[in-house]
Amino acid sequence: MNIHQLCLLLMICICYGFDEQNEEESVVVELELADYDLMDAYDEIAQTSKDFLLNPMSQNTKIQVEKRRGKLLKLQSSTNREMKNIPLDSMRNWTLLTRSGDFLLPEADFNTLIDFANSIQNLSISAGVHKEGYIQGLKSRRNVAALSNLWSGHQNMYSSHSSAYLPVVSLLHKAYPPNDEGSVESYWEMLCEYKDGYRHAARLWKEVEPLYNMLHEFVRIRIQKYYKIADNYTSIPVYLLGSNFGTDWSAIANIILPHPQLYKEIEEALKGQSVEQIFRLAETSTRELRLGSLGKQFWKKSIFNHSNCELHLFSNCAEKYTEAVTCAKVDLSSYMDIHDAAINIALRNQDYSSLARRDLRFSAVDEALQGLGSMIALDNLPANGFVPKDAWTSFGDETERKNAALLLTAIRTLPKLPYYLLSDVTRLHHLDNQQDNFIQGWWSNRKKWQGVQGNSNTEADFLGDHFISLNKPYLSKFLGIFLQFQLLERFSYYEDHENIVNRIKSAKNFR
């Protein structure tokens, strides 16, 4: 027990020595004490998750720690429900710690959820094709047969686990009652703090769907021409889109862009950059946005030469820092990922005392702010010397570069929208119609909304999505993209001679 917790305990004893008028003060102190317990659990999970990434043999410790946090949150919820006279200023904290999500499942069911998610996570490690080689292969290979075999080989490892998923997703029926909700849909909306969120999301998707379909048609034709594929289908094989679920097409920008000179310039310029240098550039943006630096401990503890190129962030609430683990590879995708991560880190640095509690919800605002990183990264290409300084402000060939940058923004962002929404809608529909074949419904919606297909369309590729294996909603990510573009519109992205960072920095109401 640290000095802060000892002081809080002393304050509780003092509060209980007074009359009932001090009951509110004691509630505040008890909630703060609960925060410290939750922070300890959060830090322990972050450390064991990092240990597992660096040494997969330590997974059992990670599982035990995750289950222990579940017990803590369930106990806190039960204790908090007995509180009375909760101050208005503390009501949100009380709600987060009392209606804490899947942690309120019966212990055996919560353990089932944790065990299942970890078993899926362990699959990619024991698979014949390591996940890192798989992801990089999807990005870089340009042979249809090789990509098809790579994708199918990766998905085959999930086939034996697909039947085990159905009882796991059904646990959502047990999760919403202890959280005081009446359905899975309202429960997920509560976790995303957006009432009637799915109704609003459906309206937004209806508005943007024609734009997505136009982009999809354009990309489909470009892919067909590049690979010399017969024009006899309307869906795109998902493994030809450069990412696991077809949610980010920037890795195949050399195929998509009508004038790929910009892409070639960027890739050539990035070859001489290190991951640390890109993080330094991203930190410059967070400073200019008045979000602060990434912190001394970030630079001291982060690992930039790991074998796994997926960018992982781990935070320590007690010591107030966040560190990154990724590989040394720099390309356009990682350049944008790093800028997204930098804003994420800067936001965490604002307040570590509430991070563990805020982690119990999914924030569309946070998603929108983090997503600005990619847009800022593209906007800063001239300033960073990766394209000519006047690339966005001149005419002629530079106009083509500017249009190419706008298309890069679209292929990075728009493909996420249908996937996020169909991932939630497919699960909700299955829970309402338990007799439905989940995999059949999954691929039917992938084809209808996303316009992609697998090889047999019986692959359980969704198990490779940790949001799905952990029963998490995508609603906040979906809504966050729309909010992100509203912010871009507010600051007149790509207009005049002033970049987006300067526009945001000068806005008085940004912070």
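What does the net charge come to around Asn445 if you take all other residues with beta carbon closer than 11 Å to its beta carbon, with K and R at +1 and D and E at -1?
Details: positive: Arg427, Arg446, Lys447, Lys448; negative: Asp424.
Combined, the nearby Lys, Arg, Asp and Glu give +3.
On a 0 to 90 degree scale, rounded to 10, what angle separates helix 197-227 from the longest Cα axis of the chain?
Relative to the chain, helix 197-227 is tipped by roughly 30 degrees.
May I ask for the angle, rounded to the nearest 10°, between helix 364-379 and the longest principal axis of the chain, with both axes built from Cα atoms and the value confined to 0 to 90°?
30 degrees
Cross-link partners among lysines for Lys402, C-alpha distance below 17 Å, same-chain residues fewer than 8 apart left out?
Filter leaves Lys264, Lys389.
Reachable aspartates and glutamates from Lys329, Cα under 14 Å, same-chain residues fewer than 8 places away excluded?
Lys329 reaches Glu132, Glu267, Glu268, Glu276, Glu310, Asp337.
Toward the positive end of the charge dipole of the chain, about the Cα centre and with charges on Cβ (Lys, Arg +1; Asp, Glu -1), which of Pro56, His216, Gly464 goes farthest?
After comparing all options, I get His216.
Under a straight-distance cross-link criterion of Cα-Cα below 17 Å, which lysines are reachable from Lys301, leaving out those fewer than 8 residues away in the same chain?
Filter leaves Lys50, Lys320.
What is the helix-to-structure angle for 397-413, meaning the angle in degrees between its Cα long axis and the longest Cα principal axis of the chain, kept from 0 to 90 and rounded to the nearest 10?
Value to nearest ten degrees: 40.
Suppose a student asked you for the relative contact order of region 239-315, using Cα pairs under 8 Å spaced at least 6 residues apart; what percent would you report?
Working: 26 pairs, mean separation 9.7, N = 77.
Relative contact order of region 239-315: 13 percent.
Write down the percent of antiparallel bridges among all DSSP beta bridges whose residues are both part of the chain, to the nearest 5.
Values: 5 of 8 bridges.
Here the share of antiparallel DSSP bridges comes out near 60 percent.
Given the rule -39500 (n - 2.57) for each run of at least 4 DSSP H residues, summed and divided by the residues of the chain, what is its mean residue ellipticity at 222 nm, to the nearest 500 deg cm²/dmol?
Details: 24 runs with 311 residues, N = 511.
Theoretical 222 nm ellipticity from helices: -19500 deg cm²/dmol.
Under 8 Å for C-alpha pairs, at least 6 residues apart: give me the relative contact order for the chain, rounded to a whole percent.
Details: 653 pairs, mean separation 91.5, N = 511.
Relative contact order of the chain: 18 percent.
Every number here is computed from the coordinates shown, using simple stated rules; none is lab data. Fair warning: this is a prediction, and the values are worked out from it, not measured in the lab. Cβ atoms come from the backbone with ideal geometry, glycine included; neighbour counts cover every protein chain shown.
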